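The values are calculated or read from the model by the stated rules, or taken from the named source; none is laboratory data. Because the structure is a prediction, the values reported are computed rather than measured. Cβ coordinates were reconstructed from backbone atoms using ideal geometry, including for glycine residues, and neighbour counts include every protein chain displayed.
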Amino acid sequence: MQAAPAATANPYGLIPALQQGGIIAISVFSILVLMSIFSFYILFTKLMQQQKIIAQGRKVRSSFWNSANLREAAQKLEARSAYRSIVDDALIAQDQHSKLTDPIDQHDWMANSLARSQGAISSRLGEGLAFLATVGSTAPFIGLFGTVVGIYRALIRIGASGQASIDAVAGPVGEALIMTALGLVVAVPAVLAYNWLVRRNKSIMEDLAAFTNDLHGYLMSDGAVKPRVGGAPGSAARTSAPARGAAPSEPVRTPTTAQ
């Protein structure tokens, strides 16, 4: 029996495109690969950072407000965490208010200090997201640039060979389109990661804003106003001590009907 003919190697593909595209094709491919690696690195590191803050928020809602005082409660939080940073800044601001030579209202001083601490956390959460947005907007154009250069080189070779048939044109032009496909492969995950991380950051900042507001009320009332323990994050319900000198409320008496 006659042996089956060996399958011919495909002359078109990524490797031939890089070999024939020269330094420009290799540079475009390298840039897209680096963009993809850094995009996934930012995605995973930001997810771990966000997850730590979310876990810390659960701990705050479960045990933080059950402590005897704020300093004891701060020791329950992980060092250098977002919630611990807010509490430490609040305690520092409370101690510094009495040292001001031209003191301002304590309410405004604490509100500004907590807002500054919250803004610093928001800034750290947003680190790296600009890179994802840049990758999502520029990667398709970088791939398109590689495609244009590849088509240009393919047409030059076709013109030099004197063959303009469809089989001579379709292969090199289709090979050049690989760079555009790579650009889209890099851009789409970056855009999805950016939108997802931004949405999670927004949810985290809402919880931090609710905690900051609860902490501000606690400090301004000397511990009399606390959030409802075990309530949903951002809940407006509060439990407060009765005002000094206020008479205790009497139970409502229900009138009885005469027999």
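Let me confirm something: among Phe38, Phe44, which residue is surrounded by 15 or more Cβ atoms within 10 Å (Cβ to Cβ), at pLDDT 75 or above, of a type in the set (Phe, Trp, Tyr) and on the phi < 0 side of the Ramachandran plot?
None of the others qualify; the one that does is Phe38.
Suppose we keep only residues that are touching a residue at least 12 places away in the same chain (Cβ under 8 Å) and closer than 30 Å to Ala181 by Cβ within the range 118-137. Which one would you say is surrounded by the fewest Cβ atoms within 10 Å (Cβ to Cβ)?
Among those that are touching a residue at least 12 places away in the same chain (Cβ under 8 Å) and closer than 30 Å to Ala181 by Cβ, it is Ser137.
Does any residue in the range 203-223 that is on the phi > 0 side of the Ramachandran plot come within less than 8 Å, Cβ to Cβ, of a residue that is in a helix (DSSP H, G or I) and surrounded by 15 or more Cβ atoms within 10 Å (Cβ to Cβ) six or more places away or on a different chain, and which pairs are these?
Gly223/Leu70
Can you tell me which of (1) under 21 Å from Glu206 (Cα atoms); (2) under 20 Å from the mean Cα position of the chain (by Cα) is the one Phe40 doesn't meet?
So the condition that Phe40 fails would be (1).
Inspect all residues belonging to the range 2-21 and state whether any of them is modelled with pLDDT of 70 or more, surrounded by 11 or more Cβ atoms within 10 Å (Cβ to Cβ) and among the polar types (S, T, N, Q).
No, the range 2-21 contains no residue that is modelled with pLDDT of 70 or more, surrounded by 11 or more Cβ atoms within 10 Å (Cβ to Cβ) and among the polar types (S, T, N, Q).
Does Ile54 satisfy the condition of being of a type outside the set (Ser, Thr, Tyr) and either in contact with a helix residue (DSSP H, G or I) (Cβ under 6 Å, 6 or more places away or on another chain) or modelled with pLDDT under 85 (or both)?
no
For the range 57-78, what are the residues that are in contact (Cβ under 8 Å) with a residue 60 or more places away in the chain, surrounded by fewer than 13 Cβ atoms within 10 Å (Cβ to Cβ) and in contact with a helix residue (DSSP H, G or I) (Cβ under 9 Å, 6 or more places away or on another chain)?
Residue satisfying the conditions is Asn66 alone.
How about the range 98-117: which of its residues are among the hydroxyl-bearing types (Ser, Thr, Tyr) and surrounded by 11 or more Cβ atoms within 10 Å (Cβ to Cβ)?
Once the filter is applied, which keeps residues that are among the hydroxyl-bearing types (Ser, Thr, Tyr) and surrounded by 11 or more Cβ atoms within 10 Å (Cβ to Cβ), the range 98-117 yields Ser113, Ser117.
Taking the condition surrounded by 12 or more Cβ atoms within 10 Å (Cβ to Cβ), touching a residue at least 24 places away in the same chain (Cβ under 8 Å) and farther than 16 Å from Gly217 by Cα, does Ala90 pass?
no
For (1) within 22 Å of Ile204 (Cβ to Cβ); (2) among the polar types (S, T, N, Q), each residue gets a yes or a no:
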{"site": "Ile53", "(1), (2)": "yes, no"}
{"site": "Arg61", "(1), (2)": "yes, no"}
{"site": "Asp89", "(1), (2)": "yes, no"}
{"site": "His107", "(1), (2)": "no, no"}
{"site": "Arg116", "(1), (2)": "yes, no"}
{"site": "Ser137", "(1), (2)": "no, yes"}
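Select, from Leu197, Leu192, the only residue that is of a type in the set (A, V, I, L, M) and free of Cβ contacts under 8 Å to residues at least 12 places away in the same chain.
Exactly one of Leu197, Leu192 is of a type in the set (A, V, I, L, M) and free of Cβ contacts under 8 Å to residues at least 12 places away in the same chain, namely Leu192.
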